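Here the structure is laid out as structure tokens; the discussion comes afterwards.
The values are calculated or read from the model by the stated rules, or taken from the named source; none is laboratory data. This is a predicted model, so every value here is computed, not measured. Cβ placement follows ideal geometry from the backbone for every residue including glycine, while neighbour counts extend to all protein chains displayed.
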Amino acid sequence: MTESYLHREQQSVGWWAHLLMAIIAATALATAMGLIPSGQGEVPAVAIPLAIVAFVYLVFTPMTVEIDRDELRVTFGRLGRPRWSFELEEIEDPRVVQFSPLWDYGGWGIRVRGHSTCLNERGNCGVRFTYHGRDYVIGSDDPERLTAALRAVRGSRA
């Protein structure tokens with residue numbers, strides 16, 4: 001069964017992060033194959049941090065935003081976890097915002113600051129709304145289109 005989305009987008013880290021992950025993977029592979037010398041019979045100190053970074057990258061990218069007729073869903077990674085679901089009729093005041101991921105939230109990804117949660121993989125644009133008394137910012141490469149889709153679905157139910 002094919003799902004029909006009113007809006008769907010994927011947001012992934014920038015090209016530089018993909019390049020960095022390729023370098024990390026190549027380094028880890030070369031280390032595992034013994035092409036990069038290490039002590040006898042021991043795992044090189046660099047292998048564990050490299051494996052952790054690669055795991056986090058694979059698990060948490062890309063971020064997918066989908067709107068169907070009932071809900072807004074935000075998922076991370078190839079497995080779709082972690083996942084947030086917002087009932088459309090409970091979303092209040094969706095609006096386009098520009099923000100500073102570092103200054104406002106301490107970085108990209110899944111961030112909580114006070115009474116606000118930010119879900120973002122890149123950039124500084126998104127949609128802010130209130131859901132059950134909590135503020136959310138969802139990063140978007142096309143926040144105008146995302147906001148219009150949210151408003152259109154909510155307006156059709158009024």
Q) Restricting segment 78-128 to residues that are aliphatic (A, V, I, L, M) and in contact (Cβ under 8 Å) with a residue 60 or more places away in the chain, which is surrounded by the most Cβ atoms within 10 Å (Cβ to Cβ)? A) Ile91
Q: Show the residue pairs that are 6+ apart or on different chains and have beta-carbon atoms under 9 Å apart, the first residue being within segment 45-74 and of a type outside the set (Asp, Glu), the second being exposed (fewer than 15 other Cβ atoms within 10 Å of the Cβ) and at pLDDT 90 or above.
A: Leu72/Ser85; Leu72/Glu87; Arg73/Ser85; Val74/Ser85
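One line per residue, one yes/no per condition, for (1) in a loop (DSSP other than H, G, I, E, B); (2) under 16 Å from Glu66 (Cβ atoms); (3) polar (S, T, N, Q):
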position: Asp93; (1), (2), (3): no, no, no
position: Asp104; (1), (2), (3): no, no, no
position: Asp141; (1), (2), (3): yes, yes, no
position: Ala149; (1), (2), (3): no, yes, no
Q.
Which of the numbered conditions does Asp141 fail, given that it passes all the others? Conditions: (1) crowded, with 18+ Cβ neighbours inside 10 Å; (2) within 26 Å of Leu58 (Cβ to Cβ); (3) modelled with pLDDT of 90 or more.
A. (1)
Q) Among the residues of segment 144-158 satisfying the criterion of being in contact (Cβ under 8 Å) with a residue 60 or more places away in the chain and among the small types (Gly, Ala, Ser), which is surrounded by the most Cβ atoms within 10 Å (Cβ to Cβ)? A) Ala149
